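The values are calculated or read from the model by the stated rules, or taken from the named source; none is laboratory data. Predicted model only: the values in this text are computed from it and were never measured. Note that each Cβ is placed from the backbone with ideal geometry, even for glycine, and that neighbours are counted across all protein chains shown. Note: areas computed on protein heavy atoms with side chains; ligands, DNA, RNA excluded. Shrake-Rupley method; radii C 1.70, N 1.55, O 1.52, S 1.80 Å.
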Amino acid sequence: MSGRGKWGSKVGFILAASGSAVGLGNIWRFPYTVSKNGGALFVLIYLIAVLFIAYPVLIAEVSLGRFSNKNPVGAFKSIKTKGKWKYVGYLGVLTGFMILSYYAVVAGWTVGYFFKALTGKFAKMNNEAATQAYTNFTSNSLLQIILFTAFILLTVYVVSRGVSSGIEKFSKILMPVLFGILLLLLIRSLTMQGASKGLEFYLKPDFSAFKPRVILEAMGQAFFSLSLGMGTMITYGSYVNKRENLPSATAWVAFFDTFIAFVAGLIIFPAVYAAGMQATSGGPGLVFQILPVIFAKMPGGVIFGSLFFLLLSIAALTSTISVLEVPVAFFIDEKKWNRKKSALTVGAITIIFGVPSALSQGGNSFFSKLPLVNKGFLDLWDIIWGNLSLSIGAFFVAIFVGYIWKTSNALLEITKGTEKFKLAFFWMISIKFVSPVLILLIFLGIIL
Ligand code: PFF
């Protein structure tokens, strides 16, 4: 299919948007960011950030997309023909390239781990063995490049087939099954010896550990997890039918996404302590070092382990699809390319950008520990694009919808498919004042 499409129904949109939102951000990035930021206090601030900053921005993006029926660049242009607003759209397109370039590397890990689980590699694995296996795996440069390239090509394939036939179909089956396995994992993890210490780390805030950085990280994580700040939800919103009830559809998406991330943390931290590890020492490998240990201690571990990593790969795929969709929709609408050419071109460029990330977990010593920042390339890219750039994008979306498009016009669009939007006042205050002011303050707090 070339050109634009539409979702089949409201459920179709909820599933596709949740497919975008639920992914490695929930199961890989959330626990890792919780561990980096000291535990429960971060979780608390995260929940507040979702409710007061990210959810209002989600409504703003989806309504802007549905109103303009365009990609992010076109959406800004269609409301404000002159001026610099389109650059916010361009930033989103660029961010899409960059996020995809490292996200696909981690997605490649999930595919590799699927095969490891399937071939019984996790049997009797303890925590040291799991850490060793992770290091061996990620420092195998050739394998890393093959896996992440394959993942990008797969994404290109799905995206080139078009909106509802590709994206919707995948999302429909995935969510319920993934959720079922998460529940099994949750039961196993909570019944491990030493689990309660993990629960304490995850659920009992230590207010003395507060640093302004924690808020920035929580906010960035909320945008990342809900796919905000780069125009994904503007693009997905543009495929939503005018009849659909936006407030309720977006509330479901935010709820699913947050719930799954929360459950992922409930699984990981008890197991971290049960395995005798330190919760604060996990880097990007945290989840990949812990999950095999849980599967090793679980009846039917081979089956559940394989199924889990398979589903996680698919969850990652429904997210990479949505990231790729942003630059692709841009080239279709603005440059009049066809879908296939757009997807292939963007995919090819992303593969080139992704190489440093693929080599950054031991494959190449320079990319694994960059001078000055003392971090791996993947970690650095995740901070710049996955956190800062999304926060900047979300800030401008709030300002644009609040003051240029104006909340009164946005509300007309939001309430098209429904008579009432109970949170209209809350939303208006959030988008005009709370979200932009908090984002700005958090940035200033970090810089100063
Ligand atoms: N929300 C996705 C996740 O949590 O895995 C990642 C993501 C998708 C980020 C789309 C940004 C985006 F535009």
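Anything in the stretch 267-288 that is part of a helix (DSSP H, G or I) and open to solvent by 30 Å² or more (accessible area, probe 1.4 Å)? List them, or say none.
TYR273, ALA274, THR280, SER281
Conditions first: (1) within 16 Å of the ligand (Cβ to nearest atom); (2) open to solvent by less than 30 Å² (accessible area, probe 1.4 Å). PRO356 passes all but one, so which condition is the exception?
(1)
Residues are listed down the side, and each one gets a yes or a no for (1) β-branched (Val, Ile, Thr); (2) within 13 Å of the ligand (Cβ to nearest atom):
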residue	(1), (2)
ALA17	no, yes
ILE27	yes, yes
ALA49	no, no
ASN69	no, no
ALA107	no, yes
GLY112	no, no
THR119	yes, no
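Across the stretch 323-366, what is the total count of residues that are more than 30 Å from GLN132 (Cα to Cα) and more than 22 Å from the chain's Cα centre (by Cα)?
The qualifying residues number 14.
Scan the stretch 249-266 for residues that are within 14 Å of the ligand (Cβ to nearest atom), in contact with a helix residue (DSSP H, G or I) (Cβ under 6 Å, 6 or more places away or on another chain) and either open to solvent by 50 Å² or more (accessible area, probe 1.4 Å) or without any contact (Cβ under 8 Å) to a residue 12 or more places away in the chain (or both) and jot them down.
PHE256
Which residues, taken from the stretch 415-448, are more than 24 Å from GLY83 (Cβ to Cβ), not small (Gly, Ala, Ser) and not in a loop (DSSP other than H, G, I, E, B)?
Within the stretch 415-448, PHE425, PHE426, TRP427, ILE429, VAL434, LEU438, LEU441, ILE442, LEU444, ILE446, ILE447 qualify.
Name the single residue that is nearest to LEU412 (Cα to Cα) among those in the stretch 202-248 being open to solvent by less than 10 Å² (accessible area, probe 1.4 Å) and away from the ligand (no atom under 16 Å from the Cβ).
Here the answer is LEU246.
If you check SER165, SER171, which single one turns out to be at pLDDT below 85, in a helix (DSSP H, G or I) and either surrounded by 20 or more Cβ atoms within 10 Å (Cβ to Cβ) or touching a strand residue (DSSP E or B) at 6+ places or on another chain (Cβ under 9 Å) (or both)?
Matching residue, one of SER165, SER171: SER171.
How many residues are β-branched (Val, Ile, Thr), within 25 Å of GLY96 (Cα to Cα) and open to solvent by less than 30 Å² (accessible area, probe 1.4 Å) if we restrict to the stretch 360-409?
Summing the residues that are β-branched (Val, Ile, Thr), within 25 Å of GLY96 (Cα to Cα) and open to solvent by less than 30 Å² (accessible area, probe 1.4 Å) in the stretch 360-409 gives 2.
For the stretch 88-135, enumerate the residues that are part of a helix (DSSP H, G or I), more than 17 Å from LEU311 (Cα to Cα) and open to solvent by 30 Å² or more (accessible area, probe 1.4 Å).
Once the filter is applied, which keeps residues that are part of a helix (DSSP H, G or I), more than 17 Å from LEU311 (Cα to Cα) and open to solvent by 30 Å² or more (accessible area, probe 1.4 Å), the stretch 88-135 yields TYR90, LEU91, LEU94, GLU128, ALA129, THR131, GLN132, THR135.
Do the conditions hold for LEU291, that is, is it closer than 17 Å to GLY25 by Cβ, over 17 Å from the mean Cα position of the chain (by Cα) and either acidic (Asp, Glu) or open to solvent by less than 10 Å² (accessible area, probe 1.4 Å) (or both)?
Considered against the rule, which asks whether it is closer than 17 Å to GLY25 by Cβ, over 17 Å from the mean Cα position of the chain (by Cα) and either acidic (Asp, Glu) or open to solvent by less than 10 Å² (accessible area, probe 1.4 Å) (or both), LEU291 comes out as yes.
Please work out which residue is nearest to ILE99 (Cα to Cα), limiting yourself to the stretch 324-351 and to residues that are outside any helix (DSSP H, G or I) and not polar (S, T, N, Q).
TRP337
Can you pull out every residue in the stretch 294-313 that is surrounded by fewer than 24 Cβ atoms within 10 Å (Cβ to Cβ), part of a helix (DSSP H, G or I) and of a type in the set (Gly, Ala, Ser)?
ALA296, GLY301, SER306, SER313
So for the stretch 70-84 (the condition being outside any helix (DSSP H, G or I), farther than 26 Å from LEU317 by Cα and open to solvent by less than 30 Å² (accessible area, probe 1.4 Å)), does at least one residue qualify?
The answer is no; no qualifying residue exists.
So which residues in the stretch 332-387 are in contact with a Ser or Thr (Cβ under 6 Å, 6 or more places away or on another chain), at pLDDT 95 or above and closer than 21 Å to MET233 by Cα?
Answer for the stretch 332-387, where residues must be in contact with a Ser or Thr (Cβ under 6 Å, 6 or more places away or on another chain), at pLDDT 95 or above and closer than 21 Å to MET233 by Cα: ALA343, THR350, TRP385.
Okay, residues lined up against (1) without any contact (Cβ under 8 Å) to a residue 40 or more places away in the chain; (2) within 14 Å of the ligand (Cβ to nearest atom):
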position	(1), (2)
ASP379	no, no
TRP385	no, yes
LEU388	no, yes
SER391	no, yes
THR407	yes, no
ILE429	yes, no
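Could you look through the stretch 314-340, keep only residues that are away from the ligand (no atom under 15 Å from the Cβ) and touching a residue at least 40 places away in the same chain (Cβ under 8 Å), and pick out the one that is least open to solvent (accessible area, probe 1.4 Å)?
ARG339
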